[in-house]
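K.L.:
I'd like to ask you about the structure that follows.
The values are calculated or read from the model by the stated rules, or taken from the named source; none is laboratory data. It should be emphasised that the depicted structure is a prediction, and the values quoted were computed from it without experimental measurement. We place every Cβ from the backbone using ideal geometry, glycine too, and count neighbours over all the protein chains shown. Side chains included, ligands, DNA and RNA excluded: accessible areas come from the protein's heavy atoms. Shrake-Rupley method; radii C 1.70, N 1.55, O 1.52, S 1.80 Å.
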Number of protein chains: 2
Amino acid sequence: MAQTAHRPAPRYGNRPTMKDVAARAGVGLKTVSRVVNSEPGVTVETERRVREAIDALGFRRNDSARVLRKGRTASVGLILEDLADPFYGPLSRAVEEVARGHGALLINGSSAEDPDRERELALALCARRVDGLVVIPAGEDHRYLEPEIAAGVATVFVDRPAGGIEADAVLSDNAGGAREGVAHLLAHGHRRIGFIGDLPHIHTAAERLRGYRQAMAEAGAPVDERWVSMGPTGAERVARETVRMLSGPGPVTALFAGNNRVTVTALRVLAGREWPVALVGFDDVELGDLLRPGVTVVAQDAALIGRTAADLLFGRLEGRPARARRVELPTRLIVRGSGELPPAGE
Amino acid sequence: MAQTAHRPAPRYGNRPTMKDVAARAGVGLKTVSRVVNSEPGVTVETERRVREAIDALGFRRNDSARVLRKGRTASVGLILEDLADPFYGPLSRAVEEVARGHGALLINGSSAEDPDRERELALALCARRVDGLVVIPAGEDHRYLEPEIAAGVATVFVDRPAGGIEADAVLSDNAGGAREGVAHLLAHGHRRIGFIGDLPHIHTAAERLRGYRQAMAEAGAPVDERWVSMGPTGAERVARETVRMLSGPGPVTALFAGNNRVTVTALRVLAGREWPVALVGFDDVELGDLLRPGVTVVAQDAALIGRTAADLLFGRLEGRPARARRVELPTRLIVRGSGELPPAGE
DNA sequence: CTGAAAGCGCTTACAG
DNA sequence: CTGAAAGCGCTTACAG
């Protein structure tokens, strides 16, 4: 009783430690460590005794303690916008697979597109001493990560570049992809083309808009600013803007949807219309091939993006490149029908 | 030089520790700890000096060390089949949100439906001393987790029950949902209904098949075993089986698809057929409402499942229920058109 | 082949 | 208000 009075609360549910195993097996601590880590220099008989004690006690090495001593946690963090978004699932899985190949676990976090939450998550992961960090940025200022990167946390930005610091980045050719998609609509006779995108301060949204303007300019098609709408991609706003662009005098005859959320909402609105309206969306959508017409999209390869980022990360952890690298991956136009509809009424 | 000769490899990139901060601020270690953890009992002036040293050195507390001393890691593990599957994204996000509410991080792992990999992942997470584990089982024998659970790792099984041990579980009403879906087809005049499901040893697959048989029996509709196909849900097999059931004498007039992967493949096959074939799928599919006809499904609420599991987990961590609990969540039939098609040729 | 001592970077339990 | 000592559970660097 007197002994337990000053005992701290049971740690890890009072799990046995190497010390307990050593006592039970009648050997030294280091010998247990040798057996647990399959190090050489233990007789068959000693090993047997130790293994017996391990099994009897249900011992499992505490990797937290190991990590503290070794200096590497064999874990990487991934901060993305929303794990529930179909774009991030495959990306996350790809990062996980590469990490697994390097014996590392993956800690996932959703920023919910909130810069404060991104920062909070990133720093929490750094405090846990993840070896590396893959960040799909929500914020625009990443100087808060400078000391962490300097201290050795390998960091790769994905989808959008880092703000205010030099760092590796894996991006899609957003401007080029959007330009190709809009050029495709122009080639099918459209001149009045709407663009509905995400908030303008988001890098990908701005780049895609740039691609749109570029394609229009190259075709000598003037852009009426009422055809451009940037903002939150919730269903309500997107539906309202879609309807607006299709109404009034001089409505658009085609739409370019800035991401998969926009595409889905726009499709729902268009499904209820009498006139066919051409549509090309950025990002592929599941079942897009089964709709009538099929949905023409500018697709990104989420898994490839994730794999590329993770490869870059582990390359850095193995001490490879010195300077920050920026990788740009191509997009792919997938023609399925919706982007080849001719302008209505012509 | 002589001094560095025996220095171990730089740990955590030679990050400053509390000791370094204490030395620079000219205070004791404990005082730094007090400031870092916002504990009371430090003068304004002392705190200022400590904070100055922290900023100058770029100190960030090492949570690995903290965890070792405190006994709880404030992290939970989630093992699922495949993060890239659209069903698991929202589920994972929901678990993350609950964890976040409890100040915990989420470590994700995909088992790829491989029991060995599930085990390996689960034990790796236990070795890192996660506080709790949410497991979507790939294997059928979970006795390997018994010592871990006994040692205090809160564990909740999701989607399928644990094998060989008593543990909390959150399940969907798989049999009831399938039964309702098949009854819906029967109510629309079908008698020859095909069932294409996952591998028969998978709990959800077996339960859904049970629901199918139950509905058929209740309607007095005999089941021809050629209408039932259980196996891997890759596109090739599912497409082949779909075609087979629609061919030959006495083809099926309706299909029940055992999960979202099956539904998608079946839809692709049916899209190329002349005769309309009725279809009800288990699990909702994105854009299912936009297809013509819309896809009638038996939907599960992935986010609700995740939230329920996480709530159970943290309830247990806070020392609540003693006995293992099993929660069964209802499914919901969503009528959109494909399930209401009448039998072809009648 | 084996093990005692020191230390990873913190927190705990004291004592001043 | 402040800090020295002990300890969390391992691994490292030695010595026998």
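K.L.:
Somewhere in the stretch A:321-329, is a residue crowded, with 18+ Cβ neighbours inside 10 Å and either of a type outside the set (A, V, I, L, M, F, W, C) or over 30 Å from residue A:162 (Cβ atoms) (or both)?
P.N.:
Checked the stretch A:321-329: no residue is crowded, with 18+ Cβ neighbours inside 10 Å and either of a type outside the set (A, V, I, L, M, F, W, C) or over 30 Å from residue A:162 (Cβ atoms) (or both).
K.L.:
Can you find a residue that is part of a loop (DSSP other than H, G, I, E, B) and either buried (at least 18 other Cβ atoms within 10 Å of the Cβ) or at the interface with chain A (Cβ under 7 Å from one of its Cβ atoms) (or both) anywhere in the stretch B:116-125? Give the steps one after another, and end with the answer.
P.N.:
Of the stretch B:116-125, the ones part of a loop (DSSP other than H, G, I, E, B) are none.
For the stretch B:116-125, residues part of a loop (DSSP other than H, G, I, E, B) and either buried (at least 18 other Cβ atoms within 10 Å of the Cβ) or at the interface with chain A (Cβ under 7 Å from one of its Cβ atoms) (or both): absent.
K.L.:
Right, residue B:83: away from DNA strand D (no atom under 13 Å from the Cβ), within 22 Å of residue B:306 (Cβ to Cβ) and open to solvent by less than 30 Å² (accessible area, probe 1.4 Å) or not? Quick ask: steps written out before the conclusion?
P.N.:
Details: away from DNA strand D (no atom under 13 Å from the Cβ): yes; within 22 Å of residue B:306 (Cβ to Cβ): yes; open to solvent by less than 30 Å² (accessible area, probe 1.4 Å): yes.
Criteria met by residue B:83.
K.L.:
For the stretch A:271-284, indicate whether the set of residues that are within 14 Å of chain B (Cβ to nearest Cβ), more than 23 Å from residue A:344 (Cβ to Cβ) and not hydrophobic (A, V, I, L, M, F, W, C) is non-empty.
P.N.:
yes
K.L.:
Taking the stretch A:13-30, which residues are assigned to a helix (DSSP H, G or I) and near DNA strand C (Cβ under 8 Å from one of its atoms)?
P.N.:
If we filter the stretch A:13-30 for residues that are assigned to a helix (DSSP H, G or I), which is where we start, we get A:13, A:18-25, A:29-30.
Scanning the stretch A:13-30 gives A:22, A:29, A:30.
K.L.:
Same structure, new question: Just to be sure before I move on: is residue B:33 more than 16 Å from DNA strand C (Cβ to nearest atom), of a type in the set (S, T, N, Q) and in a helix (DSSP H, G or I) in the structure I sent? Explain how you work it out, then say what you get.
P.N.:
On the way: more than 16 Å from DNA strand C (Cβ to nearest atom): no; of a type in the set (S, T, N, Q): yes; in a helix (DSSP H, G or I): yes.
No.
K.L.:
List, please: which pairs have Cβ atoms under 9 Å, are six or more places apart or on different chains, and start with a residue in the stretch B:38-55 that is in a loop (DSSP other than H, G, I, E, B) and end with one that is open to solvent by 40 Å² or more (accessible area, probe 1.4 Å)?
P.N.:
B:40/B:34; B:41/B:34; B:42/B:34
K.L.:
Among A:205, A:266, A:221, which is the only one that is of a type outside the set (D, E, K, R), assigned to a helix (DSSP H, G or I) and more than 14 Å from every other protein chain (Cβ to nearest Cβ)? Show your work before the answer.
P.N.:
Details: A:266 fails: more than 14 Å from every other protein chain (Cβ to nearest Cβ); A:221 fails: assigned to a helix (DSSP H, G or I).
When all the criteria are applied, what remains is A:205.
K.L.:
Within the bounds of the stretch B:244-259, is there any residue that is over 12 Å from residue B:338 (Cα atoms), open to solvent by 20 Å² or more (accessible area, probe 1.4 Å) and in contact with a Gly (Cβ under 6 Å, 6 or more places away or on another chain)?
P.N.:
No: zero hits.
K.L.:
Go through the stretch B:126-151 and give me each residue that's part of a helix (DSSP H, G or I) and either in contact (Cβ under 8 Å) with a residue 12 or more places away in the chain or open to solvent by less than 50 Å² (accessible area, probe 1.4 Å) (or both). Reasoning before the result, please.
P.N.:
Let us first name the residues in the stretch B:126-151 that are part of a helix (DSSP H, G or I), namely B:126-127, B:143-150.
B:126, B:127, B:143, B:144, B:145, B:146, B:148, B:149, listed by residue number.
K.L.:
Does the stretch B:18-29 hold any residues that are surrounded by 18 or more Cβ atoms within 10 Å (Cβ to Cβ) and either within 7 Å of DNA strand D (Cβ to nearest atom) or of a type in the set (Gly, Ala, Ser) (or both), and which are they? Write out each step before concluding.
P.N.:
Kept after step one, since they are surrounded by 18 or more Cβ atoms within 10 Å (Cβ to Cβ), are these residues of the stretch B:18-29: B:18, B:21-22, B:24-25, B:27.
Within the stretch B:18-29, B:22, B:25, B:27 meet the criteria.
K.L.:
Does the stretch A:36-52 hold any residues that are more than 12 Å from DNA strand C (Cβ to nearest atom) and among the small types (Gly, Ala, Ser), and which are they?
P.N.:
Across the stretch A:36-52, the qualifying residue is only A:38.
K.L.:
Within the stretch B:221-233, how many residues turn out to be without any contact (Cβ under 8 Å) to a residue 24 or more places away in the chain and either open to solvent by 50 Å² or more (accessible area, probe 1.4 Å) or farther than 20 Å from residue B:186 by Cβ (or both)?
P.N.:
If we filter the stretch B:221-233 for residues that are without any contact (Cβ under 8 Å) to a residue 24 or more places away in the chain, which is where we start, we get B:222-223, B:225-226.
Those left that are additionally either open to solvent by 50 Å² or more (accessible area, probe 1.4 Å) or farther than 20 Å from residue B:186 by Cβ (or both): B:222, B:225-226.
Qualifying residue count, the stretch B:221-233: 3.
K.L.:
Related question: Suppose the filter is part of a helix (DSSP H, G or I) and buried (at least 17 other Cβ atoms within 10 Å of the Cβ); does residue A:298 pass it? Walk me through it before giving the result.
P.N.:
Values: part of a helix (DSSP H, G or I): no; buried (at least 17 other Cβ atoms within 10 Å of the Cβ): yes.
No; evaluated as a whole, the condition is false for this residue.
K.L.:
Answer yes or no: is there a residue in the stretch A:330-339 that is in a helix (DSSP H, G or I) and out of contact with any helix residue (DSSP H, G or I) (no Cβ under 9 Å at 6 or more places or on another chain). Outline the logic, then answer.
P.N.:
Residues of the stretch A:330-339 that are in a helix (DSSP H, G or I), as a first pass: A:338-339.
Restricting the remaining residues to those that are out of contact with any helix residue (DSSP H, G or I) (no Cβ under 9 Å at 6 or more places or on another chain) gives none.
No.
K.L.:
State yes or no: is residue A:327 closer than 19 Å to residue A:185 by Cβ and at pLDDT 95 or above?
P.N.:
Numbers: closer than 19 Å to residue A:185 by Cβ: no; at pLDDT 95 or above: yes.
No; evaluated as a whole, the condition is false for this residue.
K.L.:
Something else now. Restricting to the stretch A:30-73, count the residues that are of a type in the set (Val, Ile, Thr), surrounded by 16 or more Cβ atoms within 10 Å (Cβ to Cβ) and more than 8 Å from DNA strand D (Cβ to nearest atom).
P.N.:
We begin by selecting, within the stretch A:30-73, every residue of a type in the set (Val, Ile, Thr); these are A:31-32, A:35-36, A:42-44, A:46, A:50, A:54, A:67, A:73.
Keeping just the survivors that are surrounded by 16 or more Cβ atoms within 10 Å (Cβ to Cβ) gives A:31-32, A:35-36, A:42, A:46, A:50, A:54, A:67, A:73.
Of the ones still in play, those that are also more than 8 Å from DNA strand D (Cβ to nearest atom) are A:31, A:35, A:42, A:46, A:50, A:54, A:67, A:73.
Total satisfying the criteria: 8.
K.L.:
Given the residues A:106, A:83, A:91, A:78, which is the only one that is in a loop (DSSP other than H, G, I, E, B) and more than 16 Å from DNA strand C (Cβ to nearest atom)? Spell out how you get there, then give the answer.
P.N.:
Numbers: A:106 fails: in a loop (DSSP other than H, G, I, E, B); A:91 fails: in a loop (DSSP other than H, G, I, E, B); A:78 fails: in a loop (DSSP other than H, G, I, E, B).
Going through A:106, A:83, A:91, A:78 in turn, the sole match is A:83.
K.L.:
Next question. What is the residue count in the stretch A:61-74 for residues that are in a loop (DSSP other than H, G, I, E, B) and within 10 Å of residue B:128 (Cα to Cα)?
P.N.:
Summing the residues that are in a loop (DSSP other than H, G, I, E, B) and within 10 Å of residue B:128 (Cα to Cα) in the stretch A:61-74 gives 3.
K.L.:
Return yes or no: is residue B:100 at the interface with chain A (Cβ under 10 Å from one of its Cβ atoms), open to solvent by 70 Å² or more (accessible area, probe 1.4 Å) and modelled with pLDDT under 90? Write out each step before concluding.
P.N.:
Working: at the interface with chain A (Cβ under 10 Å from one of its Cβ atoms): yes; open to solvent by 70 Å² or more (accessible area, probe 1.4 Å): yes; modelled with pLDDT under 90: no.
Here the answer is no, as residue B:100 does not meet what is asked.
K.L.:
Further question: Tell me which of these residue B:67 doesn't satisfy, since it passes every other one: (1) away from chain A (no Cβ under 11 Å); (2) near DNA strand C (Cβ under 9 Å from one of its atoms); (3) touching a Ser or Thr at 6+ places or on another chain (Cβ under 8 Å).
P.N.:
Failing condition for residue B:67: (1).
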